[in-house]
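Written out below as structure tokens is the structure these notes cover.
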Amino acid sequence: MIGNRTSRRPRRARDGAEVLGPRLLRGYGFTVAGIAIGVAGLTALGGMSERIVRFIEGGDRFVLGQISVAGRGLGMGTGFTAGGLLPASAIRAIADVPGVAGVQPQVMLPLNPTTSQFMTLTQELVLGLDLSVPIPNRHYPTLPVRTGRFLSGGDRHVAVVGAAFASSRGLDVGARLTLEGETYEIVGVLDRTLTAPDRFVIVSIADARTQWVAKDPMLRTVLASGAVPVRAEDLNTGAAVGWRTGEDPDVVARRIAERVAGVNVQIPSELSRQLRASTVFFSALLTGIAALGLVIGGLSVANTIAAAVFERIRDFGVKRALGATDAQLGREVLTESLAVTLSGGVTGIVIAIALGRGIDLWISRGQQLFLFSARLLAGALIFAGLLGAVAALYATLRVVRLSPAEAIRRGA
């Protein structure tokens, strides 16, 4: 009897190895498809959550890297700083505040003030920078340029555009862009940051001031009347302020608010909380949907694998009757289950990526709703593999508890 068992085991192992390939192609087709659907849904929801998380993290780094100061009263109230008019005298006063390391005047304007920005991740903005002053943002001292170059001192009628802005309009280095009747040459395209700069048009502050006057009828009226003496250097919506090493940025921001009149100062930590609060609803919604998808996708994978094992209960009964041990059956089931699960998982990931990219192209304007990071894809594949293994082991334990005769009878 032992001799018979020994002589038959290699043949069964070889048979199993030979049957595994055709099974994956024929008998397990619906199983692979079912797993693929579950993993695709799970990965797509994870991609949406990952995009929101990355946007929040990027915005957080941006606002925590500088103190944003804006003028009060006059102006369009746009951008991060909700700025009005910040005159040159206020900028000089800010620079004299103890703890301040640098002040860069800026003009931030909506590209199209009449377009609603509801339900978009970021607004398309024109950002004018005083190129004579280094960017004081500690986390973004320079903006990464993918192609071309960044702006330099003395540049006029040239622009650097964000990755999403360029993608939405088919722009590249050397292309032309018309803003308020003026033509600008694109000299650089930024790397994708997955946060606000992706939708910026960055120009020199002189060009931005010209656009501001063209956009704002109230400002034109004030300048034409001469009622308020305004020079070109006074036309700033805000400023980015840096702090000295060892200083607490929140303390420096409060010091500016106390010592400089007529300005709105954003406390970095408070601005960070506001940013997170503004996205908390969507984050919670996507988290809930992702958790639901995790449960549904997990149950789908586990149920599909368990059902596939139970369908072969007669086959397992015959093998046990011929002398196969529980360990041999367990290895066979686990090997096949992992092969089927990983095949379905990879297929589901491919479907999710194709679906996400298709939706991103369909909504156009450079908007990106999905982010399929390496950690997300690896996590989805590992999750599917673990679920498949657990489901296969559970089903195998149920099968081996039956006698060979009972297993053959149930599978008949």
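The values are calculated or read from the model by the stated rules, or taken from the named source; none is laboratory data. This is a predicted model, so every value here is computed, not measured. Cβ sites come from the backbone with ideal geometry, for glycine too, and all protein chains shown count toward neighbours. When the accessible area is computed, the model is the full protein with side chains, heavy atoms only, and any ligands, DNA or RNA have been set aside. Shrake-Rupley method; radii C 1.70, N 1.55, O 1.52, S 1.80 Å.
Observations on the structure shown:
- Residue within the stretch 9-23 that is at pLDDT 50 or above, open to solvent by 20 Å² or more (accessible area, probe 1.4 Å) and under 30 Å from GLY348 (Cβ atoms) present: no
- Qualifying positions in the stretch 343-368 - surrounded by fewer than 16 Cβ atoms within 10 Å (Cβ to Cβ) and either closer than 11 Å to VAL39 by Cα or at pLDDT below 80 (or both): VAL350, LEU361, TRP362, ILE363, SER364, ARG365
- Qualifying residue in the stretch 50-57 (condition: modelled with pLDDT under 80, open to solvent by 30 Å² or more (accessible area, probe 1.4 Å) and under 21 Å from GLY102 (Cα atoms)): no
- Hits in the stretch 197-222 - residues which are open to solvent by less than 10 Å² (accessible area, probe 1.4 Å) and part of a helix (DSSP H, G or I): PRO197, ASP198, ASP207, ALA208, GLN211, TRP212, LEU219
- All conditions in (1) of a type outside the set (Phe, Trp, Tyr); (2) at pLDDT 85 or above; (3) within 30 Å of THR210 (Cα to Cα) hold for ASP250, with the sole exception of (3).
- Qualifying residues in the stretch 178-196 (those that are modelled with pLDDT of 85 or more, open to solvent by less than 20 Å² (accessible area, probe 1.4 Å) and of a type outside the set (Ser, Thr, Tyr)) - the one nearest to ASP60 (Cα to Cα): LEU190
- Filter pass, PRO229 being farther than 28 Å from ARG138 by Cα, under 40 Å from the mean Cα position of the chain (by Cα) and either in contact (Cβ under 8 Å) with a residue 40 or more places away in the chain or open to solvent by 10 Å² or more (accessible area, probe 1.4 Å) (or both): no
- For the stretch 342-391, a residue qualifies if it is closer than 29 Å to SER168 by Cβ and of a type in the set (S, T, N, Q), and the qualifying residues are SER364, GLN367, GLN368, SER373.
- Meets criteria (farther than 30 Å from GLY170 by Cα and at pLDDT 80 or above) for LEU329: no
- Candidates LEU371, LEU386 - the one that is under 42 Å from the mean Cα position of the chain (by Cα), within 30 Å of PHE55 (Cβ to Cβ) and without any contact (Cβ under 8 Å) to a residue 24 or more places away in the chain: LEU386
- Verdict on VAL189 being in contact (Cβ under 8 Å) with a residue 40 or more places away in the chain, of a type outside the set (Ser, Thr, Tyr) and under 21 Å from GLN66 (Cβ atoms): no
- Scoring THR31 on the criteria (1) crowded, with 21+ Cβ neighbours inside 10 Å; (2) of a type in the set (Val, Ile, Thr); (3) modelled with pLDDT of 75 or more leaves a single failure, condition (3).
- Residue match in the stretch 312-325 (condition: of a type outside the set (A, V, I, L, M, F, W, C), modelled with pLDDT under 75 and within 16 Å of VAL32 (Cβ to Cβ)): yes
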